1. Out of (1) over 20 Å from THR35 (Cα atoms); (2) free of Cβ contacts under 8 Å to residues at least 24 places away in the same chain, what's the single condition that is false for ASN111?
2. Quick test for you: out of ALA96, ALA77, ALA72, pick the one residue that is within 24 Å of PRO126 (Cβ to Cβ) and either within 12 Å of the ligand (Cβ to nearest atom) or touching an Asp or Glu at 6+ places or on another chain (Cβ under 7 Å) (or both).
3. Got a sec? Which strands (runs of 3 or more DSSP E) wholly within segment 1-101 have at least 3 residues that are surrounded by 21 or more Cβ atoms within 10 Å (Cβ to Cβ)?
4. Tell me, please, whether a residue that is in contact with a His (Cβ under 7 Å, 6 or more places away or on another chain) and modelled with pLDDT of 95 or more can be found in segment 47-64.
5. Pairs needed: first member in segment 23-40, modelled with pLDDT of 95 or more; second member anywhere, charged (D, E, K, R); C-beta distance under 7 Å; at least 6 residues apart or different chains.
6. Residue by residue through segment 114-132, note down the ones that are more than 10 Å from the ligand (Cβ to nearest atom) and either among the small types (Gly, Ala, Ser) or at pLDDT below 95 (or both).
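The values are calculated or read from the model by the stated rules, or taken from the named source; none is laboratory data. Here the structure is a predicted model, which is why all the values come from computation and not from measurement. Here the Cβ positions follow ideal geometry from the backbone for every residue, glycine too, while neighbour counts run over all protein chains shown.
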Amino acid sequence: MTGAGPASPPLVLLLSGPNLDLLGDREPSVYGTATLADHVAAAAAEAAQLGLVVEHHQSNHEGELVELVHAARGRAAAIVVNAGALTHYSWSLHDALAAYQGVVVELHLSNPASREPWRHTSVVAPVAAGTVAGFGGLGYRLAMRAVAEILGASGVSEGSP
Ligand code: DQA
């Protein structure tokens, strides 16, 4: 384990995919006016209340997200991932998440199932414990709660995903 002592809270890696850096400005009628920084702050605050710590990364590059998932192996107890459009076609992200031993929660601001047909497929869903979608920014807090419940239920602690 890197950089974590025995009393360290479990680490949750929050991953944001392509175009989520534009939140607040991007299609506000679909995604709202809060920025990604707002959502990360909400997730981190909720996580702290639950005894978790959040590390966030955003990338517009598929390979970088794959490498972030690799780096989480043996280090993070859970990954909460809003993969943006990669959700719908990135088999490399699917495979990286499949090789990750910890808890995976899929997250979306909108509800892809109620949008265009091409958004109805998720290649993340088959390797996730579950999906939080359609609740806007509330989803970031709900995802942290799901992680806390799952980790608590399975007795998983920091660095032992
Ligand atoms: C999204 C939904 C995806 O279909 C879309 O490509 C995004 C954002 C969401 O959070 O609602 O970029 O993941």
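1. In the conditions (1) over 20 Å from THR35 (Cα atoms); (2) free of Cβ contacts under 8 Å to residues at least 24 places away in the same chain, ASN111 misses (1) alone.
2. On the way: ALA96 fails: either within 12 Å of the ligand (Cβ to nearest atom) or touching an Asp or Glu at 6+ places or on another chain (Cβ under 7 Å) (or both); ALA72 fails: either within 12 Å of the ligand (Cβ to nearest atom) or touching an Asp or Glu at 6+ places or on another chain (Cβ under 7 Å) (or both).
Within the list ALA96, ALA77, ALA72, the selection yields ALA77.
3. Result: 11-16, 78-82.
4. No, segment 47-64 has no match at all.
5. Taking only residues 6 or more apart or on different chains, the pairs are LEU36/ASP21.
6. SER114, ALA125, ALA128, ALA129, GLY130
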